[in-house]
Structure formats: structure tokens, C-alpha cells
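All remarks here apply to the structure that follows.
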Amino acid sequence: MDVTQSELFSLPHQQVLEKLSSSAQGLTAQQAEERLATYGKNIIIQKKATPLIANVMMRYANPLVAILLIAATISALTGNPISAAIIGLMVLLSIGLDYLQSHRSLVAMQRLQAQVATTATVMRNQAWLDLPYEQLVPGDILRLTAGNLIPADALLLSARDLHVQQAALTGESLPVEKDDKPATAPLENITEAPNAVFAGSSVISGTATAVIIATGNKTVFAEIAKSLSIAPPHTEFEKGITRFGFFISKTILFLVIFVFAASVYFKHPLLESLLFAIALAVGLTPEFLPMITTVTLATGAMKMSHHGVIVKNLAAIQNLGSMDILCSDKTGTLTSGEMVLEQYIDLEGKQNEYVMLLAYLNAFFESGIQNPITTAILNKVALNPLDAAILQHAHPDIQPYTKIDEVPFDFERRRSSVVVDHNGEKLLITKGAPEQLLTLCTSYQTNDLPLPLDQSAITKFNTLLQKLSQQGYRTLAVTMRKMPNQSVYSALDETDLLLVGLLAFLDPPLKDVKATINHLKAEGVRMKILTGDNELVTQHICEQVGMVVDRIILGHELEHITEPALAKVAEEVEVFARVSPMQKQRIIAALRANGHVVGFLGDGINDAPSLHIADVGISVANAVDVAKTSASIILLKHRLKVILNGIVEGRKSFGNVMKYLMMGTSSNFGNMFSMAGAILFLPFLPMLPFQILLNNFLYDLAQVTIPTDHVEPSFTRKPQHWNIDIIRRFMLYIGPISSIFDFLTFFVMLSVFHASAVLFHTGWFVESLATQTLVIFVIRTAKNPFKSKPSLPLAITVIAVVTIAVLLPFSPLAKVLGFVALPWGYFLFLISATASYLLLVEFIKKRLMWKWLQISK
């Protein structure tokens, strides 16, 4: 083509066909084959499935996993294969679980995808054929009928009563009218072309023939989908894990260098010093974190699946718990996506059954409608949605009426008429666009009496119409006229009409949306609406669901707003209307730049880019495929309420992960700090390298059941975010407290029990494991530990590990592990020291640490 796609919309049909090297008889099979080789298959871009190896490697690409793998490698090279195997197993287990959950969710999502037609009716070799979508090429002549999905972008050559649903592309809930007349005005948006149809939309009613002008990657659909091929920005969970990984890396590097240097300075053997420093590094590394995080999130995913939610990747659960702003499209998410007839009124604004009767007769007797139950209601894809809404309303008695004739809807008249017989009297019933019908009326009905349509009545009509429009209603006027007997009726008879009343339609909000929004607000999640629909409809819906709408920003206003200004506007404004997909992305990016964790709920093609870049993308089971592909969470039930359950599960998961982090970093840091200090005055190493690794393994083993623990409501009431400062404070406050009791143990072992190196190693091994393991009962709750019971699995594993630590020195493995039996007097010290340590931690927790957590919220 030597013209752009948009320029084709203004050309006469013959010129369009010439530009496309086609004709009204379509292409030959040979031409189609040549073009298929040139343009490629008509396959819409979607997010490609990541190969298995690449998928697994992506999960290794974070600092924490890198630290663990380095630690495992060094352990293996320095004669500690058991430690290396344990660390490697934990990494493989966590990554395997994460991959399996993602894969299982992907399979489940694919099973949910709606069954859609995969063939289109195309003229080839001057005959109509049904061909697979992927074989269509530019220049093909396409035949469209009600119910068809549109497989490619096409220019209309002929059209009759054609209505197309473009909501998935534009966000506009009401179908748009299309005709075959070339566009006469420049187009701001290509989807506004009145003579073009686009891939991803569907035919609601009417018939048409069209010539395909773009397929595959060149369609409007694909332009939107292209943004999905770009890697999304890191989510809150990913950024948090990365920050924690770098924090641990710096801490480990400092301690290892210090301990190794100090050990060498005090003339400990070089190899022994190196192994000791490496053991310290491994001991400070929370090697079970990937597994505990994965198991915790997988547990949340299983619970969410029981509530009708598919989690496509586990990180989405924590992101959901951290979310403090939920952005949503309006159509199909806050609303049902289907028009409902809410009012049928006369010019006084009063409900009028006669208006309803006339509207029902008009809708019922239109072409193609034979049975209002089976055809109009159960198969309403073949109907204009406004007619479907009328026919789904209360059923008036129409038996006394018989259809005589009709004048079908067309785009110039913007109305439809039917002629019916009622007890020998002929009635012309016309419904259509209010402004145009008003010009054909000479009288109006009030109190069942016809009155002249004077200026006062016209003013009353316009006032009522404006009021309904401001409330977000779509309106149709209903008129009638008594007709003489005649053989043919036509549009020329639509004069001297009696204005009977108005019909008001609305795409209503879902029943539980208002309560859900209020509940989200109570949970610390603000709701923002980003929609392509008009501002009047949007404002009305928002007010119905309880949102305060002080200001609405329109899409054209955003074009002139800079990024810094948008950051302020996005923070303050709750509703954005007539926005494009790119503008939705800008708003979400601005909110994320302001430090918010942003969720986006949408179901259309135009929502896919926003779902892609949000921290957590949420879609529904009946959404278009590209939206479900872009989302990380799929709602099987079209109810916002299930999101609340997901938010709570996300916060519980994060709460349990934080317990492990605070436990691991503080206790491990305390032990490592104690070892580093002991190096300065002990003539021997305070603990052997493999004893450090065993201590760390048993400690982590006690924590594997943290995912089963209860999380208090006080922690789940507000969004929770990664806060490295809180982890650092835990480490710097609880770590030294642990070290105080370690140094006390050193003193007792050397001064009271006059311990040899072996006895010293044994005594400290048992004390350090007991204190750092049992402290979970204190740290896990903001309450008194005796008033908040841990889960049974957690209690069992903690007690079991402490028991193992106490029994090891008396077991047959003692000699192999470098332990000796402890004197019984030591256990009196152990009990008193452990109890004192737990009491001191409880005191600090009440005074400082949970205060920090509250501040972090």
C-alpha cells in the first residue's frame, strides 16, 4: 500500500480495493498464498510462554539466591558437601514449587478461556469459504453477521443495521454504529472510524461485507498488545527481595572480612580461619528463606483457590497484601457490562406503563425476533443491547397486538418503527434518539391526554433529558401515531408524532461493589477508576458505589500534564474518564513512582497494558484472552469481594515471611557477632565450622513450619510493605541482646566449668540454639506470648529442635560432631539464661519493636 491505514478510511470503496490490489470478488487462492508469505499469519500478538529453562533461570536472578548458591559452592569446595547439598536443596525446592504453582495456574487459566469461533467467512476464487483466522490476509473480502468475532482490521464495503461491540478496545460499554460511508473528518483515534471494524471486537447486530486492511501484528489490537512484550517493571515483592539480598550481602561481606582478618591476626591456622569465616557467612545467610517464602505463598494460593481465585505466580499474593491503591476499569468490573432498563417515564418524570408497553412492542416486533424468551433473552447477542434490556424487563400483555409492518433502524434516521394492529386500529410506534425524534413530534401525552407540543413542553422535555444524561443514563424517546389502512408503510410516515415518554438505560453496578469498596477502604486500600467511558456515566456509577467524586480528569487533559504534575494529580484525583490505554499506564506509573503498591483490575484488550505494568494485575475468567494473559491473578467469580480475601491472605503470607526474616537476621547476627567477638580473646575457635553449619541447619529446620502460623488481625488491617530499616533494627537490637547471653555463656563455661575447647563448643552450641529458637514464641506476636498461641506444627518443630540440641551431646553422634556430655549443673544455667533472655526480648518488643512495625504501616 502507498497510503497509511488511516488514509484508507476516507477513500471511495473502489480506490480502497485498488490500493489493496483486490476487488469485490476477493482474492484468488494464489494471491492469498503470496500475501500470506509476505504479511505472515493473522496471529495477534500475545505474551509468549517463557521456555522452561529460561523460566527457571529467571527465578535464580536475585541477589539472595546468588548468595545461597555461592555459599553452597564454597561449602562444597571446602569439604562440607552436606551443607552444600542442604543449601542447594532448599533453593531447588523453592524454585521448583514456584514454577509448579505458576505452571499449574497457567494450565487452569487456559482451560477457562472462552470457546470462540476460529473461522471467518471469506471470498476466495469468487466463492464464500470458511477459513481459519490465521489464513486471512489484507485484501480478503470478509462477510460479517450478528455474533461474529471480527478477526482483523477491515474497511466496510456494505453494511446494514450494523452495531459493533468495541468495549474490549475502547472501554465504551454501549455498542457503536458502523456504516459503509467513507470518513469525512480527521480521526483523533483510529477506533472512531465510522466505516471500519477492528480485531478484538464483535458484531452485535446487522450484516456487512468488508475488505481486510490489516492482519496480525499490524492491527490495532496488536498495537495495544505490543506493550506486553516489554518486560514489566519490578513489583513491590521483587524489589523487596532484591533490597534484602543486597542488605544481607553487605552484612556478610563485612563480617567475613573482619572475622577472617581477626583470626589470622591472632595466629589461628589460615585454612581453619578461612573455613570458620565461610561457615559464619553461611550461618548468617537465611538459606531457608526462598523455601519458606514459597511455601507460605503457596499456602495462601491454595486458600485463595477455594474462594475462586487463580494465582498465576506466587509473588502476586504478597503484592496483593502490600497493595494500597486498586485502580479499576468501570465496565465489566464495577458494572455488569449489560444495559438495564431502569426508567420508563412520561414528560412529568413519572413512571408510565404505556411507555413501557409501546417500547416493548417496538423491540419485540423488530426484524428477526420471533420469540422474546428464546431469541431475545437467551440469545441476545443478535440484539441491540437496548432492545435486549427492554425485552428482559417485565413482560406486558401483547397478545391483542399483531404486527403489520416495520421500518427498520438506519443510521441517518437513528430510529426504528413498527406498525401494529390493535382491535382494528393501526398504530405506528417509533423509538430512537430523543433529539431527532423531538423534531418529528407535534404533540405530547400527559395524564393520558394529548396536548400540543409547545415551547413550554419542549423546555420540559429538554430539562428532563439533560437531568437523565447528567445521571449517566442512555436515553431513547418513545412516540406513536394512529395510522390509516395502507398497503405500505415507510419512513415518510414518521411525522406528526405523539411524544409519549422516555426510556432510561444504565449499565448498573454489581450488587456487592459498594460494600466491597467500603471494606477496601477500611483495609487501607484506596480505589481509583480509570475508564474509557464518558464522564457523566462514570460519575453516576461512582456515586452509586459510594465514591466521592469531587473532580474528574478527562483523557484530553492528561495530554497537557507533565509527569511531575501527573504525580500530584494521580495522588489527589480518584476518577479518570475517557482515558486511553497509554494514559492508564501513565497514571499507574505515576502512582508507583509515588511509592504506592498499585493493583489494576480490568478485563478488556485496552486494559492489558495496565495489567502488565501494575504491581498486581487482576482480571476475571470471562475477560479477553490477552487480559488474562497479562494479569497475575484471575477471579473465577466476577466479584470484587474475593479480592478482599486475597488481600488478607497476602498480608498473612507477608507477616509469616517477616517473622522468619526478623528471627533469622537478628538471631543469626547475634550468634555471628558473638563468634566474631570471641575470636578476639579465645585461644581456640568458639565453634567448629561444621558445628556452625549444623547449628544453622537445625535453627532453620525449626522455622519451616512458620507458614502454618497464625497472623494477628492487627497485622492484616493495613497494607504491609518491605521495610529493610525494620529488619535492620531487629538485627541491631535483638542481635546484641542475644550476644550478651552468649558472652555470659562464655564466662560461665570458662570460669565455672573450666571448659576445654570441646566442652566449650558443646555448651555454646546448645545455648545458642535454645535461645535463638525459642525466641520465636516471643517475636511472633505483638501480644503476651501466653495469650497468642502458635500453630501446633510450629510449636512441635521448635520444641523438637531444642530437644535434639540437648540430646545430641549424649548421643552416639556426639564424638563424630565434636561434642561431649554436659554437666547437669549446666542445664540449671541454661534454663535461667534462656528464660531471662526471653523476658528481656519481650520487654524490648513491647517498648520498641512493635512500635516500629506500627510506624512502618
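Assorted remarks:
- Flag for residue 592 being over 12 Å from residue 528 (Cβ atoms), surrounded by fewer than 23 Cβ atoms within 10 Å (Cβ to Cβ), modelled with pLDDT under 85 and touching a strand residue (DSSP E or B) at 6+ places or on another chain (Cβ under 9 Å): no
- Sub-6 Å Cβ pairs linking a first residue in the range 574-589 that is more than 18 Å from residue 221 (Cα to Cα) and open to solvent by less than 30 Å² (accessible area, probe 1.4 Å) to a second residue that is part of a loop (DSSP other than H, G, I, E, B) and of a type outside the set (Asp, Glu), at least 6 apart or interchain, are 575/549; 577/531; 588/614, ordered by first then second residue.
- Residue check, residue 805 aliphatic (A, V, I, L, M), modelled with pLDDT of 90 or more and open to solvent by 20 Å² or more (accessible area, probe 1.4 Å): no
- Of the listed requirements (1) touching a residue at least 24 places away in the same chain (Cβ under 8 Å); (2) open to solvent by 30 Å² or more (accessible area, probe 1.4 Å), residue 451 misses just one: (1).
- Boolean, residue 560 is farther than 16 Å from residue 616 by Cα, without any contact (Cβ under 8 Å) to a residue 24 or more places away in the chain, part of a helix (DSSP H, G or I) and open to solvent by 10 Å² or more (accessible area, probe 1.4 Å): no
- Residue match in the range 181-191 (condition: modelled with pLDDT of 80 or more and open to solvent by 40 Å² or more (accessible area, probe 1.4 Å)): yes
- Residue check: residue 233 meets all listed conditions (1) under 30 Å from residue 598 (Cβ atoms); (2) at pLDDT 70 or above; (3) open to solvent by 50 Å² or more (accessible area, probe 1.4 Å) but one, namely (2).
- The set of residues in the range 760-811 being outside any helix (DSSP H, G or I) and touching a residue at least 60 places away in the same chain (Cβ under 8 Å) consists of 775, 780, 781, 782, 783, 788, 789, 790, 791.
- When the range 389-447 is filtered for residues that are among the β-branched types (Val, Ile, Thr), open to solvent by 20 Å² or more (accessible area, probe 1.4 Å) and touching a strand residue (DSSP E or B) at 6+ places or on another chain (Cβ under 8 Å), the ones remaining, listed by number, are 402, 404, 442.
- Unique residue being surrounded by fewer than 21 Cβ atoms within 10 Å (Cβ to Cβ), on the phi > 0 side of the Ramachandran plot and over 20 Å from the mean Cα position of the chain (by Cα) when the list is 546, 524: 546
- In the range 753-768, of all residues being farther than 15 Å from residue 832 by Cα and hydrophobic (A, V, I, L, M, F, W, C), the one that is surrounded by the most Cβ atoms within 10 Å (Cβ to Cβ) corresponds to 765.
- Filtered by the rule that a residue be closer than 16 Å to residue 265 by Cα and open to solvent by 10 Å² or more (accessible area, probe 1.4 Å), the range 663-681 gives 677, 680, 681.
The values are calculated or read from the model by the stated rules, or taken from the named source; none is laboratory data. What you see is a predicted model, and the numbers here were worked out from it, not measured in a lab. Reconstructed Cβ throughout: ideal geometry from the backbone, glycine too, with neighbour counts over all protein chains shown. Surface accessibility is based on the protein's heavy atoms, side chains included, excluding ligands, DNA and RNA. Shrake-Rupley method; radii C 1.70, N 1.55, O 1.52, S 1.80 Å.
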